[in-house]
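Student: Could you have a look at this structure, given as structure tokens, before my questions?
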Amino acid sequence: MPSMTHIQHLTIPDEPVALYLHVPFCRSICTYCAFNTYADSDDLYQPYIDALCMELKILGQSRPNTQLKTIFFGGGTPSVLTPQQFEQIFEAINRAFETSLLVETTLESNPNDLSEPYLRDLRAVGFDRISIGVQSANQSELDLYGRRHNFDEAVSSFAAARRAGFDNINLDLIYGAPDQPLSAWETTLTRVLDLNPEHFSLYNLELKGGTDITKRVETGTLPSPDDDLAADMYDLATDMLGQHDYDQYEISNWSKPGRQSEHNLQYWRNLPYLGLGPGAHGFANGIRYTVVRLPKRYIDRLTSPEKQYAYPHTPATAKAVPVDYATDMSETIMMGMRMLHEGINRERFLARFGVDMVDHFSEIIEKHRAYGLLAVDDQRVHLTQQGRFLSNAVIRDFI
Amino acid sequence: MTQSHIRNFSIIAHVDHGKSTLADRLLEQTETVADREMQAQLLDSMDLERERGVTIKASAVRMNYKARDGQTYVINLIDTPGHVDFTYEVSRALQACEGALLVVDASQGVEAQTLTNVYLALEQDLEIIPVVNKIDLPAAQPDEIAQELEDLIGIPAENILRISAKSGIGVSDVLEQVVRDVPPPSGDADGPARALVFDSHYDQYKGVIAYVRVIDGTLSKRDMMRLMATEAKFEPVEIGVFSPIMFPVEKLEAGEVGYVATGLKTIKECRVGDTITLATKGAEKPLPGYEQAKPMVFAGIYPTDNDDYHDLRDALEKLQLNDASLVYEPETSQALNFGFRVGFLGLFHMEIVQERLEREYDLDILATAPSVKYEVVKKDGSRIFIDSPAQLPDENAIDEIREPWMKIQIYTPQTYIGPIMDLVIKKRGEVVTTEYLDATRVIMHYRMPLAELIVDFYDRLKSITQGYASLDYQIDEYQTDDLVKLDVLVNNEPIDALAMIVHRDHAYHKGQKLVTKLKELIPRQMFAVPIQAAVGKRVISRANVKAMRKDVLAKCYGGDITRKKKLLEKQKKGKKRMKMVGSVEVPQEAFMALLSLDDDD
């Protein structure tokens, strides 16, 4: 086995990149949200879009002919933008990048924004996948989360998306709220399964610092969420979604066959992605970088830029760190472990790091195989069914 | 140097009454230290001392003072440790002096250690100069405190100095009074040399440096010398005075304070309290009062990572060079593998050693709960001493267990008599007498097992009296009681490092508390972990740490990667500080849980 000190090179595959565009605006801020997003900033939408188009242009110039694999508008609430604004952005994308290999273009959305005409326009400008923030079928939870819609509106928006021709729809759901009983979660699952979407993302509610809900838990007006109950909910979801032929291909994601999120797979395979827009993160050309967080600063930075920039830098880059061999290896494992079937592909790992993962980490792998958390075969190293629950315990040993 | 122009004195005070600050002022006033070299609390040279504001080792400094009578005096200030764990060292430092400045805080008044120190000073026949300090504080009551001092030592209140060492008020009178009231040394200048070792430290080039007060005769650089208790002989590498840095001189004469660099390689050969004389034509009788410091409190100290065992041993060896009262021997624990059983003068001493190991030697260590030295009388009539519950023989082989008892003095406003008495009785203590000092303050004399004293007694005393009570204690005698070993089983394995010796009547209660506490402290593992407390074969309490169901990051997308990885790395670091006991990760706090079983009752 070659020793680590002899291998300093970093071979990140030169594959098509994923493109993430951050839309840092919402009509209102949900009580659990700690993302970089701002309400009451409508006057910034257009300047932001102009800046975003400039950022695209700069990246197109610094590395011409970059192939895109996926496009993903996240936020925030990207569905606050108009079809015309999206049109402007897509024009900039098409000028800056090659799109012949593009396989997926996703919009994250809020049910309130999804009228049928709007959805038809989205299809027309180029979206082929939509992700709807449904979160729950129970009004009390929607109220707790500070969502603008009720469940009926979410159902209507889903139907409208279908009518508009979206055949690849994801629903986002949250479980593990303070006071949420298992039965309430079962209700949500039953009702969303009726809709028969292609994809589900299920998130255990996290108490992020500074959010409304966290403050309420800290001051005692809400009880702390129960970890064991959340584990039961996760179990229940695994059973129910499994019975409906959804495949849990990642720790928090389920899909119908062939309907995995290509964009997110790019992250989990630790392949390159460009992040644009305020507060976005990117990983390209062996560099992890962040973009300035404040929309105003972002806009300022991209107003009349002067010089050439080295890909993937732009005037809006806040921080850029080259990834070294050891970091790249641990990140590849940390992300790859999340893919429950695919896991970490041994051949790709060998090509990237010059060592066979199973040799290199034989002791750790043996330990977790003994615990029944990890499985190994000729092609891959991946978590077992039981390992899904305790993935951190496994990953920690590798990093 | 004629003895008539020498004054040797100490400053004695309760913790925080301003001893070190006053010492700093005196050094400034006599220009012993240039202003630019002045560091607050100059005499406290260990970082830890300065940080905690407590003097750990005695230290000395020589000052030249031009008095108002126009004459210049050599004044030696000998600093004393301010904590009850080091009472013996205080008494040796005082023996090196003719006088003592008794510093009392103008708002706190006389406290337990003030009294102990006064008694120690009186035992040594010292001239006591009381000083009321911190008179500029808003809560100061200088007149009342001066009256207290008058009641205590009989010096008229109006003659007592009132100063603020911090702001300098009244400080210029202090040395004047020292010159006037402290008697000059009166040793036999021409007799056989006798010098008292009142402190020491180890220097890697000059060997053990003995801090000495020459009582009789002269020590000169070319003399072969001898320590009278340990019989160690040596030719000094250097002798000198503290200016305050070590300054070599040719000789030290009767009455003087200085140092002798002995060249000896271990501090065991040159102990505090011993007498240095000349190797030939030496004194016949040593100076009185030598005792070997005896450790009272014992604990296991283990490296968190077994690979650090040798580093820990080296560190203890080095610490012992400067701390003769520190004793240790290798110990093996089933739970914690290889470590050391370490003996300390008291809990404070233990804390200091622990902190120094972590800070100065950068070791991750784990300390078990402290124990005392028990005497076990076996059925076959033999007697053994054990300093760890794990060493206790099988129940059937034991005839009786004896434990050390302490004499305790608590100095308190009388309003707290009731709660203090409850506390003492709960700790198996017994009342001896209660002495009224005046209408509001009392000294309560108690007896109590040391094992109870070292388990949070002081903290509890402070909390029930809002900090007003102060405590002092001395070893009394060994006494039999109905003691049993309380075992703790984690994952069905007895954990020797968690065993404790308790009174049979307390076993059930303590067992339950301990199990509950451990259940909180031991994090959830990959499997359920039963925790049990048992006396002999009988399990008296049990609880389960549930298996960890879930340890997952809900989502991890492009933006999250660096942050999520940091989070996992942080968790990993946290786990490193735990000890693997069998297959269970046990945090350091679990081993100290035994100390806080009475928290909430």
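The values are calculated or read from the model by the stated rules, or taken from the named source; none is laboratory data. Everything numeric in this text was worked out from a predicted model, so none of it was measured. Neighbour counts run over all protein chains shown; Cβ positions are idealised from the backbone, glycine included. Just so you know, the surface numbers come from the protein's heavy atoms only, side chains and all, with ligands and any DNA or RNA stripped out. Shrake-Rupley method; radii C 1.70, N 1.55, O 1.52, S 1.80 Å.
Student: All other residues with a Cβ under 15 Å from the Cβ of A:Arg163 taken together, and with Lys, Arg as +1 and Asp, Glu as -1, what is their net charge?
Tutor: In short, 0.
Student: Just the number, please: carbon plus sulfur as a percent of the accessible area of chain B, 1.4 Å probe, no ligands or DNA/RNA counted. Display every interim value, and only then the final one.
Tutor: Values: 12330 of 25440 Å².
Of all accessible area on chain B, carbon and sulfur atoms account for 48 percent.
Student: If you don't mind, there's one more thing I want to ask. Compute the signed sum of charges (Lys and Arg +1, Asp and Glu -1) over the other residues within less than 12 Å, Cβ to Cβ, of A:Thr314.
Tutor: Net charge around A:Thr314: +3.
Student: Related question: Can you give me the solvent accessible area of A:Glu347 with a 1.4 Å probe, rounded to the nearest 10 Å²?
Tutor: Rounded to the nearest 10, that gives 150 Å².
Student: Once amide H atoms are built 1.01 Å from N in the peptide plane, which residues 5 or more positions from B:Leu102, or in another chain, come under 5 Å H to H?
Tutor: B:Ile12, B:Ile129, B:Val131
Student: While we're looking at this one, here's another question. Quick one: which residues, 5+ away or cross-chain, put their amide H under 5 Å from the amide H of B:Ile215? H built at 1.01 Å from N.
Tutor: Those lying under 5 Å, H to H, from B:Ile215 are B:Arg194, B:Ala195, B:Leu196, B:Gly255.
Student: Roughly what % antiparallel, to the nearest 5, for the DSSP beta bridges in the protein assembly as shown? Show your work: numbers first, answer last.
Tutor: On the way: 132 of 183 bridges.
Among the beta bridges of the protein assembly as shown, antiparallel pairing accounts for roughly 70 percent.
Student: Quick one: of B:Lys378/B:Lys462; B:Lys281/B:Lys318; B:Lys513/B:Lys564; B:Lys265/B:Lys576; A:Lys215/B:Lys513; A:Lys319/B:Lys572, which pairs are farther than 29 Å apart, Cα to Cα?
Tutor: Numbers: B:Lys378/B:Lys462 39 Å; B:Lys281/B:Lys318 35 Å; B:Lys513/B:Lys564 37 Å; B:Lys265/B:Lys576 37 Å; A:Lys215/B:Lys513 32 Å; A:Lys319/B:Lys572 26 Å.
Those over the limit are B:Lys378/B:Lys462; B:Lys281/B:Lys318; B:Lys513/B:Lys564; B:Lys265/B:Lys576; A:Lys215/B:Lys513.
Student: Please sort by residue number the chymotrypsin sites (Phe, Trp or Tyr not before Pro) in segment A:313-371 whose DSSP state is loop and whose Cβ has at most 14 other Cβ atoms within 10 Å.
Tutor: Qualifying residues, ordered by number: none.
Student: Taking a spot 7 Å from the Cα of A:Gln67 along the direction of its beta carbon, which residues of segment A:313-351 have an amide N less than 18 Å from it?
Tutor: A:348
Student: Add -39500 (n - 2.57) for each DSSP H run of 4 or more in chain B, then divide by its residues: what number comes out at 222 nm, to the nearest 500 deg cm²/dmol?
Tutor: -7500 deg cm²/dmol, from helical runs alone.
Student: With every protein chain left in place, what is the accessible area of A:Arg163 in Å² (1.4 Å probe, nearest 10)?
Tutor: For A:Arg163, solvent-accessible area is about 140 Å².
Student: Still on this structure, I have one more. Indicate the gyration tensor shape class of segment B:194-278 (rounded, prolate or oblate), computed on the Cα atoms with a ≥ b ≥ c the square roots of the eigenvalues: a/c under 1.5 is rounded; otherwise a/b larger than b/c is prolate and the rest oblate.
Tutor: Verdict is rounded for segment B:194-278.
Student: For segment A:325-398, report the accessible area per residue in Å² (1.4 Å probe, heavy atoms, rounded to an integer).
Tutor: 37
Student: Right, another one. Starting from the residue with the highest accessible area, list B:Ile276, A:Ile364 in decreasing order, probe 1.4 Å.
Tutor: Output order, biggest surface exposure first: A:Ile364, B:Ile276.
Student: Mind pulling the angle between the C-alpha long axis of helix B:417-426 and the longest principal axis of chain B? Nearest 10 degrees, somewhere in 0 to 90.
Tutor: With rounding to tens, the tilt is 50 degrees.
Student: Apply the Debye scattering formula to segment A:73-160, with a single equal point scatterer on each alpha-carbon and no solvent, then give log10 I(q)/I(0) at q = 0.19, 0.21 Å⁻¹.
Tutor: Here the Debye-derived log intensity ratios amount to -0.86, -1.00.
Student: Next question, about the same structure. At A:Asp235 and A:Gln308, where each label point lies 7 Å from the Cα along Cα→Cβ, what is the point-to-point distance in nanometres?
Tutor: Taking the simple label geometry, A:Asp235 and A:Gln308 are separated by 6.1 nm.
Student: Out of B:Leu347, B:Val535, B:Asn492, whose Cα points farthest toward the positive end of the dipole of chain B (charges: +1 Lys, Arg; -1 Asp, Glu; placed on Cβ)?
Tutor: Farthest along the dipole direction, towards plus: B:Asn492.
Student: Per residue of A:320-332, how many C-beta atoms from partner chains lie within 10 Å of its own C-beta, taken as a mean?
Tutor: 1
Student: Now for a different question. If R₀ is 25 angstrom, what is the calculated FRET efficiency for the pair A:Ala124 and A:Lys256, using the beta carbon separation as r and rounding to 0.05?
Tutor: In this case the efficiency is close to 0.50.
Student: With a ≥ b ≥ c the root eigenvalues of the C-alpha gyration tensor of the protein assembly as shown, is it rounded (a/c under 1.5), prolate (a/b larger than b/c) or oblate?
Tutor: Prolate shape, in that a/c is at least 1.5 and a/b is the bigger ratio.
Student: Just in segment B:363-429: which trypsin sites (Lys or Arg not before Pro) are loop by DSSP and have at most 15 other Cβ atoms within 10 Å?
Tutor: Here the trypsin sites (Lys or Arg not before Pro) that fit, given the DSSP loop and packing criteria, are B:Lys379.
Student: Going 7 Å from the Cα of B:Asp190 in the Cα-to-Cβ direction, what parts of segment B:218-239 have a backbone nitrogen less than 20 Å from that spot?
Tutor: Answer for segment B:218-239: B:218-220.
Student: Here's a follow-up. Take the Cβ-Cβ distance between A:Lys57 and B:Gln588 as r, set R0 to 35 Å, and report the resulting FRET efficiency rounded to the nearest 0.05.
Tutor: Numbers: r = 57 Å, r/R0 = 1.61.
Given R0 = 35 Å and the Cβ-Cβ separation, E is 0.05.
Student: To the nearest 100 Å², how much accessible surface do chains A and B hide from each other in total, with a 1.4 Å probe?
Tutor: Values: alone 17350 and 27080 Å², together 41310 Å².
Its buried surface, counting both partners, is about 3100 Å².
Student: Suppose R0 equals 25 Å; then what is the FRET efficiency for B:Glu493 and A:Ser224 from their Cβ-Cβ distance, rounded to the nearest 0.05?
Tutor: On the way: r = 32 Å, r/R0 = 1.28.
My answer for the efficiency is 0.20.
Student: Need one value: the accessible area of A:Ser115 in square angstrom, 1.4 angstrom probe, rounded to the nearest 10.
Tutor: 50
Student: Between exposed chymotrypsin sites (Phe, Trp or Tyr not before Pro) in chain B, where DSSP calls loop and at most 14 other Cβ atoms lie within 10 Å, what's the longest gap?
Tutor: Excluding the exposed sites themselves, the longest stretch runs over B:206-526.
Student: Please report, as a whole percent, how much of the solvent-accessible surface of segment A:59-205 comes from carbon and sulfur atoms (probe radius 1.4 Å). Working shown, then result.
Tutor: Working: 2210 of 5080 Å².
So the carbon and sulfur contribution to the accessible surface is 44 percent.
Student: Which of the residues in segment A:226-240 show a loss of at least 40 Å² in accessible area from their chain by itself to the complete set of protein chains, at a probe of 1.4 Å?
Tutor: Listed in order, they are A:Asp228.
Student: I've got another one for you. Starting from the Cα of B:Thr516, step 7 Å along the direction of its Cβ; do the same at B:Met246; then give the gap between the two resulting points in nm.
Tutor: 5.5
Student: Taking θ as phi - 60°, what are the ³J(HN,Hα) couplings along segment B:553-560 by the Karplus curve (6.51, -1.76, 1.60), each to the nearest whole Hz, with x for Gly and Pro?
Tutor: Couplings: 8, 4, 9, 8, 10, x, x, 8 Hz.
Student: A drop of at least 40 square angstrom in accessible area, chain alone versus all protein chains together, probe 1.4 Å. Which residues of segment A:358-399 meet that?
Tutor: So the qualifying set is A:Tyr371, A:Phe389, A:Leu390, A:Asn392, A:Arg396, A:Ile399.
Student: Using a 1.4 angstrom probe on protein heavy atoms only, which residues from segment A:190-222 are buried by at least 20 Å² of accessible area when all chains are present rather than their own chain alone?
Tutor: A:Tyr203, A:Asn204, A:Glu206, A:Lys208
Student: Report P(r) for chain B: all Cα-Cα distances, bin width 20 Å, range 0 to the bin holding the largest distance, values in whole percent.
Tutor: Going out from 0 Å in 20 Å bins, chain B shows 18, 46, 30, 6, 0 percent.
Student: What whole-number value in Å² describes the accessible area per residue of segment B:485-596 for a 1.4 Å probe? List each step's numbers first, then the result.
Tutor: Numbers: 5220 Å² over 112 residues.
Spelled out: the 1.4 Å probe surface of segment B:485-596, per residue, equals 47 Å².
Student: Using the heavy atoms of the protein chains and a 1.4 angstrom probe, tell me the accessible area per residue for segment B:297-368 in square angstrom.
Tutor: For segment B:297-368, the solvent-accessible area averages 39 Å² per residue.
Student: Let me ask something else. Between B:Glu144 and B:Asp399, 0.36 nm times their residue separation minus their Cα-Cα distance comes to what? Don't skip to the answer; put the middle values down first.
Tutor: Values: separation 255, 0.36 × 255 = 91.80 nm, distance 5.50 nm.
Separation in residues times 0.36 nm, less the Cα-Cα distance, equals 86.3 nm.
Student: I need the shape label for chain A. Rule: rounded when a/c is under 1.5, else prolate if a/b > b/c, else oblate, with a, b, c from the alpha carbon gyration tensor.
Tutor: Oblate is the answer for chain A, as a/c is 1.5 or above yet b/c matches or exceeds a/b.
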